[in-house]
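Some notes on the structure that comes next.
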Amino acid sequence: MRTIIIIATVLASLGLKAQQKTVKTETFVVKGNCEECKDRIENAADIKGSKICIWNVDTKVATVTYNPNIVKLEQIQQAIANRGYDAGNFKGNDKSYNQLPKCCQYRTGKCEESKK
C-alpha cells in the first residue's frame, strides 16, 4: 500500500510539472486610456485557460499568461475586443466601444478626466 502511495505521489508531481511547462506568457498592444480601461481589459481577458493579464496604462501593452492547451492567444484578444478595446490584430467591437465612458473612448483622443 505504501508503494502505491509513493508511486501516485511521484506521478502526480510529474503531471504538475508537465502542466506548468505548457503555460505561455505573451505581450500585445491594447488601446485604452486610463485605470478604468485597465480594469475592463484585465477582466475581459479572464477567460478559461487565461491565468493572468496585466495591462500597462503607459505603454498600452498587455502581458498575458495562459495555457495554450486550453485557450489560444487570439481568443483572449477577441474577448478583449468584444469589450470595445482594440487588442492585437482585433478591432474593438463598435457597439461595446460606444458604451464605454467618454474617458475610455481612446479613438477620440486622450482621457481628459483625472486619473484615479
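Computed from the coordinates by the stated procedures, all read-outs in this text should not be read as laboratory data. Computed from a predicted structure; not experimentally measured. Note that each Cβ is placed from the backbone with ideal geometry, even for glycine, and that neighbours are counted across all protein chains shown.
Just a few scattered comments:
- Take each peptide in 77-86, 102-111, count the other Cβ atoms within 10 Å of every residue, and average; sorted highest first, the result is 77-86, 102-111.
- Neighbourhood charge, 9 Å Cβ-Cβ cut-off, centred on residue 54 and excluding it, Lys, Arg +1 and Asp, Glu -1: 0
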